[in-house]
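Worksheet: one structure, shown below.
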Amino acid sequence: MTLLLDSVRAWCWLLHKDLLREWRAPRGWSGMLLLAVVLAALIEMQLELPRELKRGLVAGLFWLAAFFAGTLALERSFAAERECGCWSALLLYPVAPGTIFLAKLTANFLALCLVDAVLVAAFTIFSDVPLLTRPAAFAGILLLANLGFASVGTLLGALTSGIQQRGSLLVLLLLPLVSPVILSAAQATRLLLADSPGDWQRWAQLLAVFAVVFVSLGTLVFEFLTED
Amino acid sequence: MVLARSTRLAATLFVAALLLVAHVMIFFVAPREVTMGDVQRIVYLHVSVAWCGLAGCLTMGLTGAAFLLRRTLRWDHWSQAAAEIGWLCTTLTLATGSLWAHEAWNTWWTWEPRLTSSLVLWMLFAGCLLVRSSIDDPQRRARISAVLAVLTLADVPLVVMATRWFRGVHPVTPEMDPRMRMVLLVSVLSYTALFAALIIVRRRQLEYAAEVTAEEHHRGIVTAAS
(Lines give C-alpha, C1' and ligand atoms only; values in the text may rest on other atoms or scores of the structure.)
Protein backbone atom coordinates (compact mmCIF):
# COMPACT_ATOMS: atom_id res chain seq x y z
CA MET A 1 0.00 0.00 0.00
CA THR A 2 2.86 2.37 0.95
CA LEU A 3 4.62 1.43 -2.29
CA LEU A 4 1.52 2.32 -4.29
CA LEU A 5 1.15 5.64 -2.48
CA ASP A 6 4.83 6.42 -3.10
CA SER A 7 4.37 5.63 -6.78
CA VAL A 8 1.30 7.88 -7.01
CA ARG A 9 3.18 10.68 -5.24
CA ALA A 10 6.18 10.26 -7.59
CA TRP A 11 3.81 10.23 -10.59
CA CYS A 12 2.25 13.52 -9.39
CA TRP A 13 5.65 15.17 -8.92
CA LEU A 14 6.96 14.00 -12.29
CA LEU A 15 3.80 15.18 -14.04
CA HIS A 16 3.99 18.50 -12.19
CA LYS A 17 7.64 18.88 -13.28
CA ASP A 18 6.82 18.20 -16.95
CA LEU A 19 3.83 20.57 -16.99
CA LEU A 20 5.83 23.27 -15.22
CA ARG A 21 8.65 22.91 -17.73
CA GLU A 22 6.19 23.29 -20.61
CA TRP A 23 4.59 26.29 -18.93
CA ARG A 24 7.97 27.99 -18.48
CA ALA A 25 9.03 27.29 -22.08
CA PRO A 26 5.89 28.12 -24.09
CA ARG A 27 7.79 28.08 -27.41
CA GLY A 28 7.41 24.29 -27.64
CA TRP A 29 3.69 23.87 -27.13
CA SER A 30 2.76 27.11 -28.90
CA GLY A 31 4.69 25.89 -31.96
CA MET A 32 2.79 22.59 -31.79
CA LEU A 33 -0.60 24.33 -31.61
CA LEU A 34 0.36 26.68 -34.44
CA LEU A 35 1.33 23.67 -36.55
CA ALA A 36 -2.12 22.17 -35.85
CA VAL A 37 -3.85 25.36 -37.10
CA VAL A 38 -1.56 25.62 -40.16
CA LEU A 39 -2.19 21.96 -41.06
CA ALA A 40 -5.97 22.39 -40.73
CA ALA A 41 -5.88 25.55 -42.86
CA LEU A 42 -3.65 23.98 -45.55
CA ILE A 43 -5.84 20.89 -45.78
CA GLU A 44 -9.04 22.87 -46.00
CA MET A 45 -7.57 25.19 -48.66
CA GLN A 46 -7.30 22.16 -50.96
CA LEU A 47 -10.88 20.99 -50.36
CA GLU A 48 -13.21 23.15 -52.40
CA LEU A 49 -16.08 20.70 -52.00
CA PRO A 50 -19.74 20.89 -50.95
CA ARG A 51 -20.35 20.42 -47.23
CA GLU A 52 -21.96 16.99 -47.63
CA LEU A 53 -18.96 15.62 -49.53
CA LYS A 54 -16.55 17.18 -47.04
CA ARG A 55 -18.27 15.41 -44.18
CA GLY A 56 -16.98 12.07 -45.44
CA LEU A 57 -13.41 13.36 -45.82
CA VAL A 58 -12.94 15.53 -42.74
CA ALA A 59 -12.66 12.63 -40.27
CA GLY A 60 -9.57 11.11 -41.91
CA LEU A 61 -7.94 14.50 -42.48
CA PHE A 62 -8.60 15.55 -38.89
CA TRP A 63 -6.78 12.49 -37.54
CA LEU A 64 -3.92 12.90 -39.99
CA ALA A 65 -3.43 16.51 -38.81
CA ALA A 66 -3.67 15.34 -35.17
CA PHE A 67 -0.98 12.74 -35.88
CA PHE A 68 1.53 15.18 -37.36
CA ALA A 69 0.95 17.94 -34.80
CA GLY A 70 1.01 15.42 -31.94
CA THR A 71 4.32 13.95 -33.10
CA LEU A 72 5.97 17.26 -32.27
CA ALA A 73 4.82 16.93 -28.64
CA LEU A 74 6.04 13.35 -28.40
CA GLU A 75 9.45 14.21 -29.81
CA ARG A 76 9.90 17.08 -27.35
CA SER A 77 8.93 14.93 -24.39
CA PHE A 78 12.28 13.09 -24.15
CA ALA A 79 14.47 15.41 -26.21
CA ALA A 80 14.11 18.03 -23.46
CA GLU A 81 15.18 15.46 -20.83
CA ARG A 82 18.34 14.59 -22.76
CA GLU A 83 19.51 18.21 -22.68
CA CYS A 84 21.93 19.09 -19.87
CA GLY A 85 21.89 15.51 -18.56
CA CYS A 86 18.42 15.80 -17.00
CA TRP A 87 17.59 12.23 -18.02
CA SER A 88 20.57 10.79 -16.12
CA ALA A 89 19.64 12.86 -13.06
CA LEU A 90 16.02 11.67 -13.26
CA LEU A 91 17.12 8.03 -13.33
CA LEU A 92 19.11 8.52 -10.12
CA TYR A 93 15.88 9.10 -8.18
CA PRO A 94 14.39 6.04 -6.45
CA VAL A 95 11.38 5.95 -8.79
CA ALA A 96 10.22 2.85 -10.69
CA PRO A 97 10.66 3.13 -14.49
CA GLY A 98 6.98 2.27 -14.89
CA THR A 99 6.06 5.37 -12.86
CA ILE A 100 8.26 7.58 -15.07
CA PHE A 101 6.55 6.08 -18.13
CA LEU A 102 3.06 6.73 -16.73
CA ALA A 103 3.95 10.33 -15.83
CA LYS A 104 5.40 11.01 -19.30
CA LEU A 105 2.38 9.27 -20.83
CA THR A 106 -0.01 11.52 -18.89
CA ALA A 107 1.88 14.68 -19.93
CA ASN A 108 1.84 13.58 -23.58
CA PHE A 109 -1.84 12.62 -23.32
CA LEU A 110 -2.69 16.12 -22.06
CA ALA A 111 -0.61 17.68 -24.87
CA LEU A 112 -2.49 15.60 -27.45
CA CYS A 113 -5.84 16.61 -25.93
CA LEU A 114 -4.78 20.26 -26.28
CA VAL A 115 -3.85 19.68 -29.94
CA ASP A 116 -7.23 18.01 -30.55
CA ALA A 117 -9.12 20.88 -28.94
CA VAL A 118 -7.40 23.34 -31.29
CA LEU A 119 -7.94 21.07 -34.29
CA VAL A 120 -11.65 20.63 -33.54
CA ALA A 121 -12.08 24.40 -33.50
CA ALA A 122 -9.94 24.90 -36.62
CA PHE A 123 -11.64 22.17 -38.65
CA THR A 124 -15.13 23.30 -37.58
CA ILE A 125 -14.39 26.88 -38.67
CA PHE A 126 -12.43 26.16 -41.87
CA SER A 127 -14.44 23.19 -43.18
CA ASP A 128 -17.87 24.23 -41.93
CA VAL A 129 -18.51 20.63 -40.88
CA PRO A 130 -19.84 20.45 -37.29
CA LEU A 131 -17.55 17.93 -35.59
CA LEU A 132 -19.41 18.18 -32.29
CA THR A 133 -22.83 16.94 -33.36
CA ARG A 134 -22.47 14.06 -30.87
CA PRO A 135 -20.07 15.63 -28.34
CA ALA A 136 -20.00 12.87 -25.67
CA ALA A 137 -19.29 10.07 -28.15
CA PHE A 138 -16.72 12.19 -30.01
CA ALA A 139 -14.98 13.10 -26.72
CA GLY A 140 -14.82 9.39 -25.85
CA ILE A 141 -13.20 8.60 -29.21
CA LEU A 142 -10.72 11.47 -28.74
CA LEU A 143 -9.72 10.30 -25.25
CA LEU A 144 -9.27 6.64 -26.24
CA ALA A 145 -7.35 7.50 -29.42
CA ASN A 146 -5.11 9.94 -27.54
CA LEU A 147 -4.38 7.35 -24.85
CA GLY A 148 -3.31 4.78 -27.47
CA PHE A 149 -1.34 7.35 -29.45
CA ALA A 150 0.36 8.73 -26.34
CA SER A 151 1.31 5.27 -25.03
CA VAL A 152 3.06 4.23 -28.26
CA GLY A 153 4.46 7.73 -28.77
CA THR A 154 5.92 7.89 -25.26
CA LEU A 155 7.63 4.53 -25.73
CA LEU A 156 9.01 5.47 -29.14
CA GLY A 157 10.03 8.92 -27.88
CA ALA A 158 12.14 7.20 -25.19
CA LEU A 159 13.41 4.63 -27.68
CA THR A 160 14.61 7.18 -30.24
CA SER A 161 15.76 9.86 -27.79
CA GLY A 162 19.38 8.68 -27.74
CA ILE A 163 19.61 8.13 -31.51
CA GLN A 164 21.06 10.81 -33.78
CA GLN A 165 18.28 11.06 -36.44
CA ARG A 166 15.56 10.84 -33.78
CA GLY A 167 13.07 13.23 -35.43
CA SER A 168 12.74 11.34 -38.70
CA LEU A 169 12.98 7.95 -36.97
CA LEU A 170 10.15 8.79 -34.58
CA VAL A 171 7.75 9.64 -37.43
CA LEU A 172 8.85 6.61 -39.46
CA LEU A 173 8.24 4.23 -36.55
CA LEU A 174 5.18 5.94 -35.15
CA LEU A 175 3.09 5.99 -38.32
CA PRO A 176 2.93 2.21 -38.88
CA LEU A 177 2.64 1.43 -35.16
CA VAL A 178 -0.28 3.79 -34.54
CA SER A 179 -1.99 3.07 -37.86
CA PRO A 180 -4.70 0.98 -36.07
CA VAL A 181 -5.44 4.04 -33.90
CA ILE A 182 -5.63 6.45 -36.86
CA LEU A 183 -7.74 4.02 -38.92
CA SER A 184 -10.14 3.22 -36.09
CA ALA A 185 -10.46 6.81 -34.86
CA ALA A 186 -11.08 8.08 -38.40
CA GLN A 187 -13.67 5.38 -39.05
CA ALA A 188 -15.47 6.06 -35.73
CA THR A 189 -15.44 9.82 -36.38
CA ARG A 190 -16.78 9.29 -39.93
CA LEU A 191 -19.67 7.22 -38.53
CA LEU A 192 -20.39 9.84 -35.86
CA LEU A 193 -20.52 12.62 -38.46
CA ALA A 194 -23.04 10.72 -40.61
CA ASP A 195 -26.77 11.49 -40.34
CA SER A 196 -27.44 8.11 -38.76
CA PRO A 197 -24.34 6.89 -36.87
CA GLY A 198 -23.50 3.26 -37.56
CA ASP A 199 -21.67 0.87 -35.32
CA TRP A 200 -19.05 3.34 -34.06
CA GLN A 201 -18.81 1.53 -30.70
CA ARG A 202 -16.96 -1.34 -32.40
CA TRP A 203 -14.18 1.06 -33.41
CA ALA A 204 -14.18 2.52 -29.89
CA GLN A 205 -13.67 -1.01 -28.56
CA LEU A 206 -10.65 -1.48 -30.81
CA LEU A 207 -9.23 1.84 -29.61
CA ALA A 208 -9.75 0.71 -25.99
CA VAL A 209 -8.01 -2.63 -26.65
CA PHE A 210 -5.09 -0.82 -28.28
CA ALA A 211 -4.80 1.62 -25.35
CA VAL A 212 -4.91 -1.15 -22.73
CA VAL A 213 -2.35 -3.30 -24.59
CA PHE A 214 0.17 -0.50 -25.10
CA VAL A 215 -0.19 1.16 -21.68
CA SER A 216 0.41 -2.25 -20.03
CA LEU A 217 3.22 -3.18 -22.42
CA GLY A 218 4.82 0.23 -22.00
CA THR A 219 4.81 -0.04 -18.21
CA LEU A 220 6.54 -3.41 -18.53
CA VAL A 221 9.17 -2.68 -21.20
CA PHE A 222 9.99 0.94 -20.33
CA GLU A 223 12.54 -0.37 -17.84
CA PHE A 224 14.68 -1.62 -20.75
CA LEU A 225 14.79 1.86 -22.26
CA THR A 226 16.14 3.47 -19.11
CA GLU A 227 19.41 1.54 -18.99
CA ASP A 228 21.54 4.15 -20.82
CA MET B 1 32.79 -29.83 -38.24
CA VAL B 2 32.71 -32.34 -41.16
CA LEU B 3 29.38 -33.64 -39.88
CA ALA B 4 28.05 -30.07 -39.63
CA ARG B 5 29.19 -29.39 -43.19
CA SER B 6 27.51 -32.56 -44.50
CA THR B 7 24.35 -31.70 -42.57
CA ARG B 8 24.37 -28.24 -44.11
CA LEU B 9 24.83 -29.71 -47.58
CA ALA B 10 21.98 -32.18 -47.01
CA ALA B 11 19.70 -29.39 -45.74
CA THR B 12 20.56 -27.18 -48.74
CA LEU B 13 19.83 -30.01 -51.16
CA PHE B 14 16.57 -30.78 -49.37
CA VAL B 15 15.36 -27.17 -49.57
CA ALA B 16 16.45 -26.91 -53.24
CA ALA B 17 14.60 -30.15 -54.07
CA LEU B 18 11.48 -28.93 -52.29
CA LEU B 19 11.56 -25.65 -54.22
CA LEU B 20 12.12 -27.48 -57.50
CA VAL B 21 9.16 -29.78 -56.83
CA ALA B 22 6.98 -26.82 -55.82
CA HIS B 23 7.78 -24.88 -59.01
CA VAL B 24 7.28 -27.89 -61.24
CA MET B 25 3.88 -28.39 -59.58
CA ILE B 26 3.01 -24.68 -59.93
CA PHE B 27 3.64 -24.73 -63.70
CA PHE B 28 2.70 -28.30 -64.67
CA VAL B 29 0.35 -29.80 -62.06
CA ALA B 30 -1.86 -26.86 -61.03
CA PRO B 31 -4.70 -26.40 -63.54
CA ARG B 32 -4.99 -23.19 -65.54
CA GLU B 33 -7.49 -20.81 -63.93
CA VAL B 34 -10.43 -20.06 -66.24
CA THR B 35 -10.80 -16.28 -65.74
CA MET B 36 -7.24 -15.07 -65.13
CA GLY B 37 -5.28 -17.69 -67.03
CA ASP B 38 -1.60 -18.29 -66.20
CA VAL B 39 -1.26 -15.03 -64.23
CA GLN B 40 -3.21 -16.69 -61.40
CA ARG B 41 -0.13 -18.88 -60.73
CA ILE B 42 1.39 -15.85 -58.97
CA VAL B 43 -0.93 -16.73 -56.07
CA TYR B 44 1.17 -19.79 -55.13
CA LEU B 45 4.25 -17.60 -54.63
CA HIS B 46 2.28 -14.67 -53.16
CA VAL B 47 0.57 -16.67 -50.40
CA SER B 48 3.82 -18.46 -49.53
CA VAL B 49 5.92 -15.31 -49.11
CA ALA B 50 3.07 -13.54 -47.28
CA TRP B 51 3.01 -16.35 -44.72
CA CYS B 52 6.83 -16.17 -44.42
CA GLY B 53 6.60 -12.40 -43.81
CA LEU B 54 4.23 -12.95 -40.89
CA ALA B 55 6.42 -15.79 -39.60
CA GLY B 56 9.38 -13.37 -39.79
CA CYS B 57 7.53 -10.85 -37.65
CA LEU B 58 6.62 -13.53 -35.11
CA THR B 59 10.22 -14.79 -34.96
CA MET B 60 11.60 -11.25 -34.66
CA GLY B 61 9.26 -10.41 -31.75
CA LEU B 62 9.73 -13.66 -29.85
CA THR B 63 13.53 -13.68 -30.19
CA GLY B 64 13.54 -9.99 -29.21
CA ALA B 65 11.63 -10.87 -26.04
CA ALA B 66 14.09 -13.73 -25.43
CA PHE B 67 16.98 -11.25 -25.68
CA LEU B 68 15.37 -8.95 -23.10
CA LEU B 69 15.04 -11.90 -20.72
CA ARG B 70 18.41 -13.60 -21.35
CA ARG B 71 20.64 -10.70 -22.51
CA THR B 72 22.75 -12.86 -24.82
CA LEU B 73 23.53 -11.46 -28.29
CA ARG B 74 22.73 -14.86 -29.80
CA TRP B 75 19.01 -13.99 -29.54
CA ASP B 76 19.61 -10.61 -31.12
CA HIS B 77 21.25 -12.28 -34.13
CA TRP B 78 18.14 -14.43 -34.55
CA SER B 79 15.95 -11.34 -34.26
CA GLN B 80 17.98 -9.38 -36.84
CA ALA B 81 18.02 -12.31 -39.26
CA ALA B 82 14.23 -12.67 -38.92
CA ALA B 83 13.76 -8.91 -39.49
CA GLU B 84 15.86 -8.94 -42.66
CA ILE B 85 14.29 -12.06 -44.18
CA GLY B 86 10.83 -10.95 -43.04
CA TRP B 87 11.32 -7.60 -44.76
CA LEU B 88 12.41 -9.38 -47.96
CA CYS B 89 9.35 -11.67 -47.86
CA THR B 90 6.97 -8.75 -47.24
CA THR B 91 8.56 -6.84 -50.15
CA LEU B 92 7.96 -9.88 -52.37
CA THR B 93 4.39 -10.12 -51.04
CA LEU B 94 3.70 -6.52 -52.05
CA ALA B 95 5.38 -6.94 -55.45
CA THR B 96 3.58 -10.18 -56.37
CA GLY B 97 0.30 -8.84 -54.97
CA SER B 98 0.67 -5.73 -57.09
CA LEU B 99 1.29 -7.82 -60.23
CA TRP B 100 -1.76 -9.93 -59.45
CA ALA B 101 -3.90 -6.85 -58.72
CA HIS B 102 -2.94 -5.34 -62.07
CA GLU B 103 -4.41 -8.34 -63.87
CA ALA B 104 -7.37 -8.98 -61.53
CA TRP B 105 -8.47 -5.44 -60.61
CA ASN B 106 -6.79 -3.44 -63.41
CA THR B 107 -4.76 -1.36 -60.94
CA TRP B 108 -1.28 -1.74 -59.41
CA TRP B 109 -2.45 -0.63 -55.98
CA THR B 110 -5.70 -0.06 -54.11
CA TRP B 111 -6.24 0.93 -50.48
CA GLU B 112 -7.72 -2.41 -49.69
CA PRO B 113 -7.54 -3.62 -46.04
CA ARG B 114 -5.24 -6.57 -46.64
CA LEU B 115 -2.89 -4.54 -48.86
CA THR B 116 -2.81 -1.76 -46.29
CA SER B 117 -1.96 -4.18 -43.46
CA SER B 118 0.84 -5.71 -45.56
CA LEU B 119 2.24 -2.25 -46.28
CA VAL B 120 2.11 -1.43 -42.56
CA LEU B 121 4.00 -4.66 -41.81
CA TRP B 122 6.61 -3.72 -44.44
CA MET B 123 7.01 -0.27 -42.83
CA LEU B 124 7.43 -1.87 -39.39
CA PHE B 125 10.19 -4.17 -40.68
CA ALA B 126 11.87 -1.23 -42.43
CA GLY B 127 11.66 0.85 -39.23
CA CYS B 128 13.25 -1.96 -37.18
CA LEU B 129 16.10 -2.28 -39.69
CA LEU B 130 16.56 1.50 -39.76
CA VAL B 131 16.85 1.66 -35.97
CA ARG B 132 19.43 -1.14 -36.07
CA SER B 133 21.54 0.75 -38.59
CA SER B 134 21.42 3.92 -36.44
CA ILE B 135 23.06 2.46 -33.29
CA ASP B 136 26.70 1.34 -33.12
CA ASP B 137 26.99 -0.25 -29.68
CA PRO B 138 25.92 -3.94 -30.07
CA GLN B 139 24.34 -4.31 -26.62
CA ARG B 140 22.41 -1.05 -26.86
CA ARG B 141 21.36 -1.82 -30.44
CA ALA B 142 20.13 -5.25 -29.36
CA ARG B 143 18.17 -3.84 -26.39
CA ILE B 144 16.46 -1.02 -28.32
CA SER B 145 15.71 -3.31 -31.28
CA ALA B 146 14.29 -5.97 -28.97
CA VAL B 147 11.86 -3.49 -27.40
CA LEU B 148 10.80 -2.35 -30.87
CA ALA B 149 10.40 -5.97 -32.01
CA VAL B 150 8.11 -6.70 -29.03
CA LEU B 151 6.03 -3.59 -29.82
CA THR B 152 5.77 -4.71 -33.46
CA LEU B 153 4.66 -8.17 -32.36
CA ALA B 154 1.88 -6.65 -30.24
CA ASP B 155 0.83 -4.31 -33.04
CA VAL B 156 0.47 -6.81 -35.88
CA PRO B 157 -2.67 -8.60 -34.60
CA LEU B 158 -4.27 -5.18 -34.05
CA VAL B 159 -3.40 -4.10 -37.59
CA VAL B 160 -4.84 -7.31 -39.00
CA MET B 161 -7.97 -7.00 -36.83
CA ALA B 162 -8.52 -3.33 -37.68
CA THR B 163 -8.25 -3.93 -41.40
CA ARG B 164 -10.36 -7.09 -41.27
CA TRP B 165 -13.29 -4.97 -40.05
CA PHE B 166 -13.17 -2.90 -43.23
CA ARG B 167 -14.92 -4.37 -46.22
CA GLY B 168 -12.28 -5.40 -48.74
CA VAL B 169 -12.03 -7.03 -52.13
CA HIS B 170 -9.04 -9.24 -51.30
CA PRO B 171 -9.96 -12.96 -51.57
CA VAL B 172 -9.73 -14.60 -48.13
CA THR B 173 -10.71 -18.26 -48.58
CA PRO B 174 -11.63 -18.66 -52.24
CA GLU B 175 -13.10 -21.85 -53.70
CA MET B 176 -10.22 -23.85 -55.19
CA ASP B 177 -9.73 -26.97 -57.23
CA PRO B 178 -8.25 -29.76 -54.98
CA ARG B 179 -5.12 -29.85 -57.19
CA MET B 180 -4.67 -26.10 -56.74
CA ARG B 181 -5.03 -26.50 -52.98
CA MET B 182 -2.39 -29.24 -52.93
CA VAL B 183 0.05 -27.16 -55.02
CA LEU B 184 -0.51 -24.21 -52.69
CA LEU B 185 0.26 -26.38 -49.67
CA VAL B 186 3.49 -27.71 -51.22
CA SER B 187 4.49 -24.17 -52.23
CA VAL B 188 3.89 -22.81 -48.70
CA LEU B 189 5.89 -25.69 -47.19
CA SER B 190 8.82 -25.26 -49.56
CA TYR B 191 9.00 -21.50 -49.06
CA THR B 192 8.77 -21.97 -45.29
CA ALA B 193 11.76 -24.32 -45.52
CA LEU B 194 13.64 -21.71 -47.60
CA PHE B 195 12.69 -19.01 -45.07
CA ALA B 196 14.01 -21.11 -42.17
CA ALA B 197 17.22 -21.93 -44.07
CA LEU B 198 17.86 -18.27 -44.92
CA ILE B 199 17.33 -17.21 -41.31
CA ILE B 200 19.76 -19.88 -40.08
CA VAL B 201 22.41 -18.85 -42.65
CA ARG B 202 22.00 -15.14 -41.92
CA ARG B 203 22.11 -15.73 -38.16
CA ARG B 204 25.41 -17.60 -38.58
CA GLN B 205 26.84 -14.75 -40.69
CA LEU B 206 25.89 -12.24 -37.99
CA GLU B 207 27.47 -14.39 -35.30
CA TYR B 208 30.74 -14.66 -37.28
CA ALA B 209 30.71 -10.90 -37.91
CA ALA B 210 30.26 -10.27 -34.16
CA GLU B 211 33.13 -12.67 -33.34
CA VAL B 212 35.44 -10.94 -35.87
CA THR B 213 34.54 -7.50 -34.49
CA ALA B 214 35.18 -8.67 -30.92
CA GLU B 215 38.51 -10.20 -31.97
CA GLU B 216 39.59 -6.99 -33.74
CA HIS B 217 38.53 -4.96 -30.72
CA HIS B 218 40.55 -7.23 -28.43
CA ARG B 219 43.63 -6.99 -30.71
CA GLY B 220 43.29 -3.22 -30.78
CA ILE B 221 43.28 -3.10 -26.98
CA VAL B 222 46.30 -5.44 -26.76
CA THR B 223 48.24 -3.42 -29.39
CA ALA B 224 47.43 -0.16 -27.63
CA ALA B 225 48.52 -1.62 -24.27
CA SER B 226 51.83 -2.91 -25.64
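The values are calculated or read from the model by the stated rules, or taken from the named source; none is laboratory data. All of these numbers come straight from a predicted model, not from anything done at the bench. No Cβ is skipped: glycine too gets one built from the backbone with ideal geometry, and neighbour counts run over all protein chains shown.
Structural remarks
- Single condition B:Arg164 does not satisfy, out of (1) over 17 Å from the mean Cα position of the chain (by Cα); (2) at pLDDT 70 or above; (3) not small (Gly, Ala, Ser): (2)
- In the range A:155-170, residue farthest from the other protein chains (Cβ to nearest Cβ) [restricted to those that are out of contact with any Phe, Trp or Tyr (no Cβ under 8 Å at 6 or more places or on another chain) and surrounded by fewer than 23 Cβ atoms within 10 Å (Cβ to Cβ)]: A:Gly167
- Residue check: B:Ile144 meets all listed conditions (1) assigned to a helix (DSSP H, G or I); (2) more than 7 Å from chain A (Cβ to nearest Cβ) but one, namely (2).
- Scan the range A:193-228 for residues that are at the interface with another protein chain (Cβ under 9 Å from one of its Cβ atoms) and over 30 Å from A:Thr160 (Cα atoms) and the total you get is 1.
- Residue check, A:Thr124 away from every other protein chain (no Cβ under 14 Å), in a helix (DSSP H, G or I) and among the polar types (S, T, N, Q): yes
Here is a yes/no grid of residues against (1) polar (S, T, N, Q); (2) within 30 Å of B:Val147 (Cβ to Cβ); (3) part of a helix (DSSP H, G or I):
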position	(1), (2), (3)
A:Pro130	no, no, no
A:Ala136	no, no, yes
A:Thr154	yes, yes, yes
A:Leu170	no, yes, yes
A:Pro180	no, yes, yes
A:Ala188	no, yes, yes
A:Leu192	no, no, yes
A:Arg202	no, no, yes
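- Selection from the range B:186-226 of residues that are surrounded by 15 or more Cβ atoms within 10 Å (Cβ to Cβ) and over 30 Å from B:Gly64 (Cβ atoms): B:Val186
- So B:Ala30, is it touching a residue at least 60 places away in the same chain (Cβ under 8 Å) and crowded, with 21+ Cβ neighbours inside 10 Å: yes
- B:Thr90 being part of a helix (DSSP H, G or I), surrounded by 19 or more Cβ atoms within 10 Å (Cβ to Cβ), within 14 Å of chain A (Cβ to nearest Cβ) and polar (S, T, N, Q): yes
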